[in-house]
1. What aspartates and glutamates sit close enough to residue 123 to cross-link, taking a C-alpha to C-alpha distance under 15 Å and skipping anything fewer than 8 places away on the same chain?
2. Where does region 74-118 land on Rg/Rh, using Cα atoms and the Kirkwood Rh?
3. Highest mean first, how do 8-18, 93-103 rank when packing is the count of other Cβ atoms within 10 Å averaged over residues?
4. Using modelled amide H (1.01 Å from N, peptide plane; none on Pro or chain starts), what sits under 5 Å from the amide H of residue 101, excluding residues fewer than 5 places away?
5. Considering amide H positions built from the backbone, and no H for Pro or chain starts, which residues 5 or more places from residue 117, or on another chain, come under 5 Å of its amide H?
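A short reminder: the numbers here are calculations on the coordinates, not readings from a lab. Source: prediction; values computed, not measured. Neighbour counts are summed over all protein chains in view; Cβ atoms, including those assigned to glycine, are modelled from backbone coordinates with ideal geometry.
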Amino acid sequence: MINTLLNKTMSAAAIGPLGAAHPDVRKTTLCVCAANSDPAIDAIETWVDDNVGHVADPTTAETVLSPIAMIEDIFRDGSAIGDVDDRAVLVAAMGRSIGLDAQFVLVRFEKRRFATHVFTRLKRPEDEWAKDPVAGKPFAGQVAEWAAVDVKAVP
């Protein structure tokens with residue numbers, strides 16, 4: 001079963017006051033897109049890839065960093081660090097801040113009881129869902145279960 005509690009936490013972080021609703025998240029996203037000749041989705045994903053390093057959560061806790069905290073780290077320190085949840089939340093917040101639909105895709109690999117990977121898909125209004133970073137990777141054949149859930153307000 002895909003972890004719905006984590007999705008609710010991630011959605012709240014992505015669209016809340018420290019996420020897409022924060023004016024500096026939108027301002028940063030507009031600057032990132034304006035400085036790049038690629039479409040907005042590509043510009044956002046490239047910027048996050050270039051500026052956010054990967055670190056694993058502690059094994060005893062699951063944390064989700066706020067998008068604005070990560071953006072502040074990038075501008076103050078030159079980069080930020082986060083796990084896959086943090087990166088997914090940042091991409092979703094940036095996309096939602098400029099009106100793109102977003103989905104979290106939670107992935108459970110074989111031999112795992114719970115989802116251990118997540119990424120964000122963004123959708124241009126005129127297109128299908130864009131970019132699946134798992135597709136074509138060597139571990140793609142090990143996916144046992146996945147679920148795409150819309151990033152939206154949760155009750």
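1. Leaving aside aspartates and glutamates fewer than 8 places away in the same chain, those within reach of residue 123 are 38, 42, 45, 101, 132, 150.
2. On the way: Rg = 13.5 Å, Rh = 12.3 Å.
Checking Rg against Rh, the ratio lands at 1.10.
3. Numbers: 8-18: 20.0, 93-103: 22.6.
Top to bottom by mean Cβ count within 10 Å: 93-103, 8-18.
4. Result for residue 101 returns 123.
5. 107
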